[in-house]
Amino acid sequence: MNILIFSSYKDSWNSVRPEAEMFIEMVKLGHNVTIMTQGYSEYVPRFKKNGIKVINCYPTKKICYKSIKTLRTELSSSHYDIVYAMNSKTIPNAAFACIGFKSTKMVTYRGTVGGLYRHDPSAYLTHLHPRVNGISCVAQAVTDDVRKRVWMDPNNVVTIYKGHDLSWYQAQAISRSDLNLPNDAIVATCIANARPSKGVHVLLDSASKLSDIEQLHILLIGRDMDTEANLALAKASGMEERIHFLGYRKDVPEILATSDMQIQPSVSGEGLPKTIIEAMAMAVPSIVTTTGGGKELLIDGESGFVVPVNNSQAIAEKMRTLCHSQQTRKSMGLLAQQRVLDEFSVHNTAKQHIDFFEHLLAQ
């Protein structure tokens, strides 16, 4: 099978690796892969080393004449079975470029719940574009949402989880002293871009119900966490000195490795949070909410806890359970780690994509 990927790989190595390695795995499965991306991306040498043809092209906007022309030229010179566009800039350009190439199936990737509506004209530039043949969704929650919006056969909208490898996440735990934490601290970490949908305010409200656990420290990692509202919640919690606003950090894996639990308190709009997978791979138990795909990663009560959205009491109760039992933290973490091995491997992800592509080509 000849597959052309249109995506961006200019972000950090850790951020793009699950997606990038999936395409390398497709080559190992015997398929020909071409990737259109920024030529200066750090991943480009690894792509080439593994036999992937790289075309230096990435759109500057949603309708980029140069990108459309470059892709059409490539489609004219070589036959491709699949064109797979991965984001809001590449999807419209790929869709217009694929017009007229009837034997090529156009596939898009969807990573979030919500924001896709039939009454929105801009949606017809992306997943509702009539040239799109299939949509790969990062989680079942995303698939369920997309199937309500599209006009195509719902069987052409599928869930394929991103694959991971435990070796990617075996970071050396940062010293507690480097974080100004006592060695016997119980560390709960929340990693997020500080948008209201991430629910950091809910986590901070739960802290007021946990102030009696003197060993508990909460680490908030991400840009703009220290808003006036969040700082006020921390001050009112009764454990202000044990809530640490660390801001943006490049050593997130090392911090996660020293954590005792990871909290994802999101209230809406999630796809499949990568931080949950990272925590699972490091054998760190997570508490997640029911929004988005996070709940699909864990088995509630076995490899982590799933709680309702906007429920600080539920978060506090599960945090208290983990605080009170080191054995529970350890056993849940190990079960979560095993689940990554069994259910979320790179090989499985690549194979599921190939099966999906073959399904579309048979139509």
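A few comments on the model shown:
- Using the Cβ of Ser237 as centre and a radius below 11 Å, the other residues enclosed give a net charge of 0, where K and R count +1 and D and E count -1.
- Where Rh is the Kirkwood radius over Cα pairs, Rg/Rh for segment 53-198: 1.12
- Nearest-ten-degree value, helix 326-343 long axis tilted from longest Cα axis of the chain: 10 degrees
- Loop sites here are chymotrypsin sites (Phe, Trp or Tyr not before Pro) outside DSSP states H, G, I, E and B with no more than 10 other Cβ atoms within 10 Å. The longest part of the chain free of them is 152-363.
- Lysine pairs meeting the criterion (Cα under 20 Å, 8 or more apart or interchain), as found in segment 1-82: 12
- Loop-located trypsin sites (Lys or Arg not before Pro) in segment 212-273 whose Cβ has at most 11 other Cβ within 10 Å (DSSP): Arg223, Lys250
- Loop-located trypsin sites (Lys or Arg not before Pro) in segment 71-111 whose Cβ has at most 15 other Cβ within 10 Å (DSSP): Lys102
- Summing charges over neighbours of Asp212, with a neighbour being any other residue whose Cβ is under 13 Å away from its Cβ, gives +2 when K and R count +1 and D and E count -1.
- A simple count of charges around Gly100, restricted to other residues whose Cβ falls under 12 Å of its Cβ and scoring Lys, Arg +1 and Asp, Glu -1, yields +3.
- Distance between segment 176-226 and segment 12-76 - C-alpha centres, whole angstrom: 38 Å
- Net lengthening on full extension, Ser268/Tyr65 (0.36 nm per residue, minus Cα-Cα): 69.6 nm
- Length gained on full extension, Glu302 to Asn87, computed as 0.36 nm times the residue gap minus the Cα-Cα distance: 74.0 nm.
- GNM on the chain, alpha-carbon springs under 10 angstrom: the most fluctuating residue among Gly39, Gly115, Gly271 is Gly115.
- In this structure, Leu29 and Leu166 have a Cβ-Cβ separation that, at R0 = 22 Å, corresponds to a calculated FRET efficiency of about 0.60.
- Heavy-atom accessible area, probed at 1.4 angstrom with all protein chains present, ranks Asp205, Asp300 as Asp300, Asp205, highest first.
- When a 1.4 Å probe is rolled over the protein heavy atoms, the share of accessible surface on the chain that falls to carbon and sulfur comes to 48 percent.
- Taking GluC sites (Glu not before Pro) in DSSP loop states with no more than 14 other Cβ atoms inside 10 Å as exposed sites, the chain has its longest site-free stretch at 43-213.
- Shape of segment 275-359, Cα gyration tensor, a/c cut at 1.5: oblate
The values are calculated or read from the model by the stated rules, or taken from the named source; none is laboratory data. Keep in mind that what you see is a predicted model, and the values were worked out from it rather than measured. Glycine gets a Cβ as well: all are built from the backbone with ideal geometry, and neighbour counts include every protein chain shown. When the accessible area is computed, the model is the full protein with side chains, heavy atoms only, and any ligands, DNA or RNA have been set aside. Shrake-Rupley method; radii C 1.70, N 1.55, O 1.52, S 1.80 Å.
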